[in-house]
1. Taking segment 157-195 as the region of interest, how many residues are of a type in the set (Lys, Arg) and assigned to a strand (DSSP E or B)?
2. Just to be sure I understand, how many residues within segment 275-310 are in a loop (DSSP other than H, G, I, E, B), of a type outside the set (Val, Ile, Thr) and over 16 Å from Asp322 (Cβ atoms)?
3. Hey, any hits in segment 296-312 for a residue that's of a type outside the set (Val, Ile, Thr), crowded, with 16+ Cβ neighbours inside 10 Å and more than 27 Å from Arg115 (Cβ to Cβ)?
4. Filter segment 229-260 down to the residues that are open to solvent by 10 Å² or more (accessible area, probe 1.4 Å), within 22 Å of Gly110 (Cα to Cα) and among the polar types (S, T, N, Q) and list them by number.
5. Could you list, in sequence order, the residues of segment 157-189 that are open to solvent by 10 Å² or more (accessible area, probe 1.4 Å) and either among the polar types (S, T, N, Q) or farther than 25 Å from Leu94 by Cβ (or both)?
6. Among the listed residues Ala226, Ala214, which satisfies the condition of being surrounded by 19 or more Cβ atoms within 10 Å (Cβ to Cβ), assigned to a strand (DSSP E or B) and in contact with a helix residue (DSSP H, G or I) (Cβ under 7 Å, 6 or more places away or on another chain)?
7. Six or more apart or on different chains, Cβ under 7 Å: which pairs go from a residue in segment 316-328 that's more than 17 Å from Trp269 (Cα to Cα) and touching a residue at least 12 places away in the same chain (Cβ under 8 Å) to one that's charged (D, E, K, R) and open to solvent by 10 Å² or more (accessible area, probe 1.4 Å)? Could you list them?
8. Could you check how many residues of segment 27-65 are in a loop (DSSP other than H, G, I, E, B), more than 30 Å from Tyr87 (Cα to Cα) and either in contact with a helix residue (DSSP H, G or I) (Cβ under 9 Å, 6 or more places away or on another chain) or not polar (S, T, N, Q) (or both)?
Amino acid sequence: MRPFTFERPTSIAAATAAASQLGGKFIAGGTNLLDLMKVDVERPTNLVDISALPLREFNATAEGGLRIGALVSNTDIASDPRVRERYPALAEALLNGASGQLRNQATAGGNLMQRTRCPYFYDVYMPCNKRQPGSGCSAIGGYSRLHAILGASRDCIAVHPSDMAVALTVLQAEIEVHAPSGVVRTLPISSLHRLPDETPNNDTTLAAGELITAIILPPPPVGRQAYRKVRDRASFAFAVVSIAAILDASGGKVRDVRLALGGVAHKPWHPRAAEQELVGAPSNGASFEAAGQAALSGARPQPGNEFKVGLAERLIARTLTDLAASGG
């Protein structure tokens, strides 16, 4: 056990100030941070419990979307009738993400801030640039079956584990962030997580002490939505490959499409080339197969995870085919 201090502020300003100090970490549900502390990967010197902050609101916005406070549980989001009816991809992603017990405990903000489940990251006796910058990446040349095939670098091939983040990416959500200075900003969910480059230890674009306070969903998009996840076992495993998709098709043509992939990169992957290829194309299997190939055209797999390329291509084609058949 490593010693640490603990505080429970009652204001956002006090929480961000406390966490901005060296060694400060926010804790809410604790479903990931506590695990990492137990295996000596995370070593905070000060835990800042944000559970007393007023971040549990779950309201409609004037624009026709939803504003979800960062402390709303994953269970409450997935079971909310507005989410199930208007944002089914998000509900499906959360229900596929973890057991009921974990969903009850996990929070919206914490879900987005969870860290990779790369086994080398969790093993303090193995080199890992994400855990100890400059030490090397044991996954390169090691066990890489579940690792990245897109957007990786020579320093890290880990993947981001969040199902929720993939769904929010395709829904073009925004997040609200409070800084220790008092500045409040919103940014697209696609700008929160980052690719590894030469600094894989930095999972997000947030600065020290910055706190996610809300997720903002825009009005629901036109078209059918789906979230699908391929995993090694049916009982709440992390994704080998996952997809969130929205398809708007009529008259045999694709009018609009949005795609996001999970389990393939250091952040939810947005295959823009595949989307661009589909708009205006026939809504049929041939078009969807071509889109899958376009989405994976830049893949750089490791020995041991080459199968992910074909798997992701087929998952895209099958998901879009099913959406089109259901009236997408």
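The values are calculated or read from the model by the stated rules, or taken from the named source; none is laboratory data. The model shown is predicted, which means the values in this text are computed figures rather than measured ones. Cβ placement follows ideal geometry from the backbone for every residue including glycine, while neighbour counts extend to all protein chains displayed. All accessible areas refer to the heavy atoms of the entire protein, side chains included, with ligands and DNA or RNA removed. Shrake-Rupley method; radii C 1.70, N 1.55, O 1.52, S 1.80 Å.
1. 1
2. 13
3. No; the residues of segment 296-312 include none that is of a type outside the set (Val, Ile, Thr), crowded, with 16+ Cβ neighbours inside 10 Å and more than 27 Å from Arg115 (Cβ to Cβ).
4. Across segment 229-260, the qualifying residue is only Ser235.
5. Thr169, Gln172, Ala179, Pro180, Ser181, Gly182, Val183, Val184, Arg185, Thr186
6. Within the list Ala226, Ala214, the selection yields Ala226.
7. From segment 316-328, the pairs are Leu323/Arg224; Ser326/Arg224; Gly327/Arg224; Gly328/Arg224; Gly328/Asp248.
8. 6
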